[in-house]
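The numbers here are math on the coordinates, done by the rules we state, and not lab data. Here the structure is a predicted model, which means the values were calculated and not measured. For neighbour counting, all protein chains shown are included, and Cβ atoms are generated from backbone atoms with ideal geometry for every residue, glycine included.
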Amino acid sequence: MGTSWSVRFAAPAGCDPAAVEAAILARLDTIIAEMSHWRADSLISAYNRAEAGSWHSLPDDFAAVIATALDVAARSGGAFDPAIGRLVDLAGFGPDPALRSDAATALALARQNAGWRRLRFRDGRLLQPGGLTLDLSGIAKGHAVDAVADALGALGIAHALVEIGGELVGRGVRPDGDPWWVDLENPPGNPLPPLRIALHGIAVATSGDYRRGAHSIDPRTGRSTDNGVRSVSVIHKSAMLADAWATALTVAGPEAGLDLARREGIAARIVGDREWLSPALVEMLEY
């Protein structure tokens, strides 16, 4: 995924850290083999090359991510879209820099072939309508965070903090009895005071214009976003949903993003030339 991971956990008696690490790596390898568009031999890369009209049976991880991605796409009015791989390539953020192009004709063709509404997903099978390229960068990392936390739980590790590329989920508590405290990211040079969240059975994801690889593209225009948003942090029980909604709200912009968060009950902080807190986040902080 082009990033790093870390896990902190309270080890139960007899726990072998090497075995825990091996289990984490095995879980991540499965997800990467399915959803990394940076690997030519991944399942998503095979789908992106597939013939028009072909149906593809998806394994559980991939199916869960696609189902959630399509739901968020519909709820956000397309501000989040898993089917913008070609637009990402044209912007120069894809795995092949040679595909970058500013040509209006290339953008028009990419937009014609893109879009979540062209996808058909039923009974665990996904249609390739032809020329459509998936990019799950805005959701797969969050899913991986949840998956690693679940894998730790299966090993009897109930108290852990999992982080992948800045997306985090906390389960249980720290060995000293405190929750897993984390500070929401501030854009560089921003004077906002730290906002500290207790990750006790919840996750946080941040999308920002300053983070490596976090180049947000508006699926509705095919262009990079320029709406004044510097960062969006979303707190949710699911890291996968926090990841996807952080992307959607970033694309939506400050006012529309805040309205969307309010409507969907999303706990979010939007940072631009000022700070906006959604009602759900205000309620969480007051509680």
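Classify segment 213-287: rounded, prolate or oblate, from the alpha-carbon gyration tensor (a ≥ b ≥ c, eigenvalue square roots; a/c under 1.5 rounded; otherwise prolate if a/b is larger than b/c)? Kindly include the intermediate steps, with their values, before the conclusion.
On the way: a/c = 2.01, a/b = 1.55, b/c = 1.30.
Since a/c reaches 1.5 and a/b is larger than b/c, the shape of segment 213-287 is classed as prolate.
Can you pull the semi-axes for segment 163-286, root of five times each eigenvalue of the Cα gyration tensor, sorted largest first, whole Å? Mind dumping the intermediate values first?
On the way: eigenvalues 114, 44, 39 Å².
Taking √(5λ) for each eigenvalue gives 24, 15, 14 Å, largest first.
Rank Gly94, Ala104, Gly130 by how far each Cα sits towards the positive end of the charge dipole of segment 87-216 (+1 on Lys, Arg Cβ; -1 on Asp, Glu Cβ) and give me just the farthest.
Gly130
I want to check the label-to-label distance for Thr30 and Ser57. Put each point 7 Å from Cα in the C-beta direction and report it in nm to one decimal.
Between Thr30 and Ser57, the simple spin-label model gives 1.7 nm.
What Kirkwood hydrodynamic radius, in Å, does segment 77-127 give when the mean of 1/r is taken over all pairs of distinct Cα atoms and then inverted?
Numbers: mean 1/r = 0.0835 Å⁻¹.
About 12.0 Å for segment 77-127.
Quick check on the exposure proxy: order Thr133, Thr105, Thr250, Thr221 from fewest to most C-beta atoms within 10 angstrom. Please list the in-between numbers first.
On the way: Thr133 23, Thr105 8, Thr250 28, Thr221 13.
Fewest-to-most Cβ neighbours within 10 Å comes out as Thr105, Thr221, Thr133, Thr250.
What dipole magnitude, in Debye to the nearest 20, does the chain give about its Cα centre under +1 on Lys/Arg Cβ and -1 on Asp/Glu Cβ?
It comes to approximately 620 debye.
Each label point is 7 Å from the Cα along the Cα-to-Cβ direction; what then is the distance between the points at Arg220 and Ala108, in nm?
The modelled label-to-label distance comes out at 2.2 nm.
Let me see the pair-distance distribution of segment 22-150: every alpha carbon pair, 5 Å bin width, integer percents in order.
Spelled out per bin, shortest first, that is 2, 11, 20, 24, 21, 13, 6, 2, 1, 0.
How big, on average over all directions, is the shadow cast by the Cα convex hull of the chain, in nm²?
Details: hull surface 62.5 nm².
Dividing the Cα hull surface by four gives the mean projection, 15.6 nm².
Tell me, Val251, Val182, Val282, Val88 in order of fewest to most beta-carbon neighbours within 10 Å? Let's see the in-between values first.
Numbers: Val251 28, Val182 18, Val282 12, Val88 23.
Final ranking by Cβ density, sparse to dense: Val282, Val182, Val88, Val251.
Shape verdict for segment 245-287, please, from the Cα gyration tensor: rounded (a/c under 1.5), prolate (a/b greater than b/c) or oblate.
Numbers: a/c = 2.13, a/b = 1.39, b/c = 1.53.
Taking the square roots of the gyration eigenvalues as a ≥ b ≥ c, segment 245-287 is oblate.
Tell me which GluC sites (Glu not before Pro) from segment 1-73 have a DSSP coil assignment and no more than 14 other beta carbons within 10 Å of their own.
Values: sites: Glu21, Glu34, Glu51; in loops: Glu51.
Here the sparse-neighbourhood loop sites are Glu51.
State the answer as a single residue: which of Ala154, Phe80, Ala198 lies farthest towards the positive end of the charge dipole of the chain, with beta carbon charges of +1 for Lys and Arg and -1 for Asp and Glu, about the Cα centre.
Going by the Cα projections, it comes out as Phe80.
With springs only between Cα atoms under 10 Å apart, run a GNM on the chain and tell me which of Leu25, Leu43, Leu184 wobbles the most.
Maximum fluctuation in the GNM of the chain, among the listed residues, is at Leu25.
Using Cβ contacts closer than 10 Å as the measure, can you line up Thr247, Thr30 from fewest to most?
Listed from fewest to most nearby Cβ atoms, that is Thr30, Thr247.
Between Asn190 and Lys237, what is the FRET efficiency for a Förster distance of 41 Å, r being their Cβ-Cβ separation, to the nearest 0.05? Display every interim value, and only then the final one.
Values: r = 27 Å, r/R0 = 0.67.
Between Asn190 and Lys237 the formula returns 0.90.
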